[in-house]
Amino acid sequence: QFRFAELLRHFFGLERVDIINGDTPIPRRQEIVTRFQRHLQADQGFDVLILGPRAAGTGLTLTAATHVIHLSRWWNPAVEEQCNDRVHRIGQDRPVEVHVPMAIHPRYGAASFDSLLQSLMQRKRRLAQKALWPMGDTGAEAAALQASLGAEMPALDGSLEAAMADLFRRDGLPGL
């Protein structure tokens, strides 16, 4: 997180890039949020705030944000949804885009780890929509992901488009 913050600070020419994670004391969190939120009234400017997934999941309102980028994934999609909810709060009057970058290996395609994890997360989301109790990680899910990683790979042309088409097909989603 600290290296990433420094890269962003340098790339975008920002004075600083704050981080809220499990090591950030509670009183400091509010200072950081207040500084980030100032753009709503003060200058409508550009800023970046890095949040650890667990720290971002509770008690924050970030209506100055318009983009959420998940760089560190959790097996439980409810954690990601809680992070997304930080910016979808009362007072948010702008569209918010959620981004989930994935590393797709040219040889493995839809069998790449990020792709398999995304499929697992989609299945859990669909299951959660049908259930009345919270989701949890099970040994069977971890075993299924591990088995998928060891499965024989289909012949691929190495294109990102083919990998994404396989991913969408496997997850039962409409194509791009």
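The values are calculated or read from the model by the stated rules, or taken from the named source; none is laboratory data. Just so you know, these numbers come straight off a predicted model, no measurement behind them. Glycine gets a Cβ as well: all are built from the backbone with ideal geometry, and neighbour counts include every protein chain shown. With ligands, DNA and RNA removed, areas are computed over all heavy atoms of the protein, side chains included. Shrake-Rupley method; radii C 1.70, N 1.55, O 1.52, S 1.80 Å.
Simple point charges give the picture: +1 on the Cβ of Lys and Arg, -1 on the Cβ of Asp and Glu, and for segment 51-125 a dipole about the Cα centre of about 200 debye. Name the residue from I26, W75, F2 whose Cα lies farthest towards the positive end of the charge dipole of the chain, charges +1 on Cβ of Lys and Arg and -1 on Cβ of Asp and Glu. After comparing all options, I get I26.
The distance separating the Cα centre of segment 32-51 from that of segment 68-110 comes to 20 Å.
Taking the convex hull of the alpha carbon positions in segment 25-88 and averaging its projected area over all directions gives 4.3 nm².
Exposed loop positions in the chain were taken to be GluC sites (Glu not before Pro) whose DSSP state is not H, G, I, E or B and which have at most 13 other beta-carbon atoms within 10 angstrom. Between these positions, the longest stretch is 16-151. Between A142, A163, A78, the GNM of the chain built on Cα springs shorter than 10 angstrom shows A142 fluctuating the most. Under the convention that each Lys and Arg Cβ holds +1 and each Asp and Glu Cβ holds -1, the size of the dipole of the chain around its Cα centre is about 360 debye.
Taking each residue as 0.36 nm, the span from A162 to D23 lengthens on full extension beyond its C-alpha to C-alpha distance by 46.0 nm. Summed over qualifying helices (DSSP H, 4 residues or more, each -39500 (n - 2.57)) and divided by its residue number, the chain shows a 222 nm mean residue ellipticity of -13000 deg cm²/dmol. Springs between Cα atoms under 10 Å define the GNM used for the chain, and in it the highest mean-square fluctuation of Q41, Q118, Q146 occurs at Q41. Largest GNM mean-square fluctuation across G52, G109, G158, computed for the chain with C-alpha springs under 10 Å, falls on G158. The eigenvalues of the Cα gyration tensor, multiplied by 5 and square-rooted, give segment 1-147 an equivalent ellipsoid with semi-axes of 30, 19, 14 Å from largest to smallest.
In the complete set of protein chains, residue-level accessible area for D23 is approximately 130 Å², probe 1.4 angstrom. Within segment 82-130, the proportion of C-alpha pairs whose separation exceeds 16 Å stands at 59%.
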